[in-house]
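No lab work stands behind these numbers, since they all come straight from the coordinates. All of these numbers come straight from a predicted model, not from anything done at the bench. Methodologically, a virtual Cβ is constructed for each residue, glycine included, from the backbone with ideal geometry; neighbour enumeration extends over all protein chains shown.
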Amino acid sequence: MTNVLVIGGAGYIGSHVVAALLDNGATVTVFDNLSTGTRENLFPTARFIQGDILDKQALSAAMTGQEAVVHLAAKKAVGESMQYPDKYAENNISGTLNVLNAMAENKVKAFVFSSSAAVYGIPQESVLDETCPVDPINFYGFTKLEIERFLTWYDRLKDIRFVSLRYFNAVGYDAAGRVKGLEKNPQNLLPIIMETAAGIRSKMAVFGNDYDTPDGTCIRDYIHVTDLADAHVRALHYLKTGGKSQILNLGTGTGHSVMDMIQKTQELIHRPISFDIAPRRPGDPAKLTAKADAAHTILGWTPRHSSLDEIILSTWRLYQK
Ligand code: WQD
């Protein structure tokens, strides 16, 4: 793909996608309202439009000359989505429909969507492939699933082919240090471990140690954002070469427990991480890992940066500062 519009390109995952696209010679335009993304994450070689996906005119103008859209602009805090579903409906659903309508209007036909393992809800299996039933248990996951359903209709009716990428637990930072913005008020495990290690928090909570797992803490599939970014580049290439619409899991297939993550961080950065065992967090399944064979077969994608060492050290490099 030559001309790519990256909506949400100043965010955590979006900025890594921009880096990967630039590395692959694409001409990139970032469209972002900077609500959670930051200017620090912008690349001087990508054009930047500060705009909101609720602004149809701005979106339509941004589509001029584009061949493809990667859409990552979304609200993503699970807890908040249950408290303020209106905001999530407006931003994640209405906003994405605006994007798709602007694409249709401007004849942009290739779409890569940032979806989530949250669409599966409480899994019936601990290893999930794309054929597993979808039944989100939070409103955030519901918004992602709704968009996937709209996508199949926009493919049929508007000829927009898509790849929807269901990320498992996104972690890590660009090895070259090009992405500099830390997430504001992070809710996920690894940034919380890092904030504790860096002294931003005095202590962290481990939500439950009585799960049916070897050490009693929950197991997740942590995937490096650089690997996620690579899948976006491959998805765009796949669509450009005529590939049909797909929904694909992105994970490593390997799980790590909460205690694995804490212990490995202590070991690698030589700092103590103080924690308390707290009650279980509602809605947390004991074990969740991806079967990502389809992404491998269809996109030729294999995670290459998702060892715990690389994940933890690339993240610590930023938090250390
Ligand atoms: C991981 C593990 C926690 C914080 C979420 C979303 C999912 C997707 C990825 C976007 C769990 C435990 C966490 C803490 C802890 N998001 N934990 N103490 O819940 O697997 O997935 O992010 O698409 O939709 O639900 O990730 O990082 O919040 O938690 O013990 O302070 O760490 O209980 O077992 P999760 P997470």
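Couple of notes before you dig in:
- At q = 0.12, 0.14, 0.16 Å⁻¹, base-10 log of I(q)/I(0) for the chain (Debye sum, equal scatterers on each alpha carbon): -0.79, -1.09, -1.44
- Sorted by Cβ neighbour density within 10 Å, fewest at the top, the residues 319, 238: 319, 238
- When each of the peptides 256-266, 154-164 is scored by how many other beta carbons lie within 10 Å of its residues on average, the order from highest to lowest is 256-266, 154-164.
- With neighbours defined as other Cβ atoms within 10 Å of a residue's Cβ, the residues 232, 237, 305 order from fewest to most as 237, 305, 232.
- Between helix 308-319 and the chain: long-axis angle, C-alpha atoms, 0 to 90°, nearest 10: 80 degrees
- Evaluated with a Cβ-only charge set (Lys, Arg +1; Asp, Glu -1), the chain carries a dipole of roughly 660 debye about its Cα centre, given to the nearest 20.
- Qualifying aspartates and glutamates (Cα of each under 20 Å from Cα of residue 321; at least 8 residues distant if same chain): 40, 174, 183, 195, 267, 309, 310
- Bridgeable aspartates and glutamates around residue 56 (alpha carbons under 16 Å apart, same-chain partners fewer than 8 residues away excluded): 32, 90, 105.
- Fraction of beta bridges assigned by DSSP in the chain that are antiparallel (%, nearest 5): 5 percent
- Pairs of lysines in region 108-184 (C-alpha under 26 Å apart; 8 or more residues apart or interchain): 4
- Prolate/oblate/rounded label for region 168-321 (Cα gyration tensor, a/c 1.5): oblate
- Under the convention that each Lys and Arg Cβ holds +1 and each Asp and Glu Cβ holds -1, the size of the dipole of region 84-223 around its Cα centre is about 660 debye.
- Exposure proxy ranking, count of Cβ atoms within 10 Å, fewest first, for 111, 150: 150, 111
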